Amino acid sequence: MRRLVWFLAGVVALLIVLSGAAFVYAKIWAEGFSAREQPSAVERWGAREARALAMPAGARERKNPVPNSPAILSEARAHWADHCALCHANDGSGDTEMGKHMYPPAPDMRKADTQNLSDGELFYIIQNGIRLTGMPAWGGSEHDAEDSWKLAHFIRHLPHLTVEERMEMEKLNPRGPAEWKEEEEEEKFLKEERTNEPQEHHHH
Ligand code: HEC
């Protein structure tokens, strides 16, 4: 009798697993696996729950050991502009060529979903990245850990970022070869202007 119960439980468990797999296959078969689609609400919720479960005990409760100050924020802002803005945008909206077209896309970090994460959670994510997404792991050295705590302060500041701060960040964003070339040409042009200037003055 006991064996029969175990057997039936086994069959039921197998059926659940198989129907889950069948559901996923059917979905992929129907929709392909393009990164262009938007993750469904169920997927987003599932991914967040899975992430919360995978976070080691205590990570959430860790307090930020770096005191917040304008100097720390300014340093983290420059760091963000250089390393994170490519996907997350200077203002944290995720509205960039890369961030938008990832699956899952870079979220708008000014919104509650991100702002409700604790500093400890933000720190853990920055250090370890998020599996199966475009979010890389940035932690390696002691120095990285300090930077990550500073970035957690900056992420809290994102909803209050000023226009001046954003403009300052634009100067720090990494540039691709096309932009460097454009700048080089502009400079060459300005130089020519400058060397032409004295002659023009003579004419007048
Ligand atoms: C190559 C693209 C890329 C870069 C560069 C990048 N991220 Fe991300 N990041 C992502 C993506 C995509 C997600 C969303 C992953 C998900 O939905 O689970 C993400 C998620 C996050 C999250 C979690 C937000 C939330 O609400 O779930 C944090 C925090 C974060 N990134 C911080 C950073 C910081 C800080 C840097 C720079 C040091 C950075 N990221 C650089 C792509 C990137």
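The values are calculated or read from the model by the stated rules, or taken from the named source; none is laboratory data. Since the structure is predicted, the reported quantities are computational estimates derived from the model, not experimental observations. Virtual Cβ from ideal backbone geometry, glycine too; neighbours counted across all protein chains shown. For the accessible areas, the whole protein counts, side chains as well, though only heavy atoms, and no ligand, DNA or RNA atoms are used. Shrake-Rupley method; radii C 1.70, N 1.55, O 1.52, S 1.80 Å.
In the context of the full set of protein chains, residues of the chain present 73 Å² of accessible surface per residue (probe radius 1.4 Å, heavy atoms only). Axis of helix 2-31 versus longest Cα principal axis of the chain: the two differ by about 30°, to the nearest ten degrees.
Round to the nearest 0.05 the FRET efficiency obtained for Leu86 and Ala59 when R0 = 22 Å and r is the Cβ-Cβ distance.
0.30
As an exercise, use a Förster radius of 41 Å and the Cβ-Cβ distance of Lys171 and Glu31 to find the FRET efficiency, rounded to the nearest 0.05. According to the calculation, E is roughly 0.50. Comparing Ile130, Ile155, Ile16 in a Gaussian network model of the chain (Cα springs below 10 Å), the most mobile by mean-square fluctuation is Ile16.
Summed over qualifying helices (DSSP H, 4 residues or more, each -39500 (n - 2.57)) and divided by its residue number, the chain shows a 222 nm mean residue ellipticity of -21000 deg cm²/dmol.
Axis of helix 142-157 versus longest Cα principal axis of the chain: the two differ by about 90°, to the nearest ten degrees.
Using the beta-carbon distance between Trp45 and Phe189 and R0 = 35 Å, what value does 1/(1 + (r/R0)^6) give for FRET efficiency, to the nearest 0.05?
Once rounded, the FRET efficiency stands at 0.05.
Using the charge dipole of region 68-174 (Lys, Arg: +1 at Cβ; Asp, Glu: -1 at Cβ; taken about the Cα centre), state which of Pro107, Leu151, Gly120 has its Cα farthest towards the positive end. The Cα lying farthest towards the positive end belongs to Pro107. Given a 1.4 angstrom probe, I'd like the percentage of the accessible area of region 61-158 that is carbon and sulfur, rounded to a whole number. Ligands and nucleic acids excluded, carbon and sulfur give 56 percent. Calculated on C-alpha atoms, the gyration radius of region 68-174 divided by its Kirkwood radius gives an Rg/Rh of 0.93. The order of Met102, Met1, Met55 by accessible area, most exposed first and with a 1.4 Å probe, is Met1, Met102, Met55.
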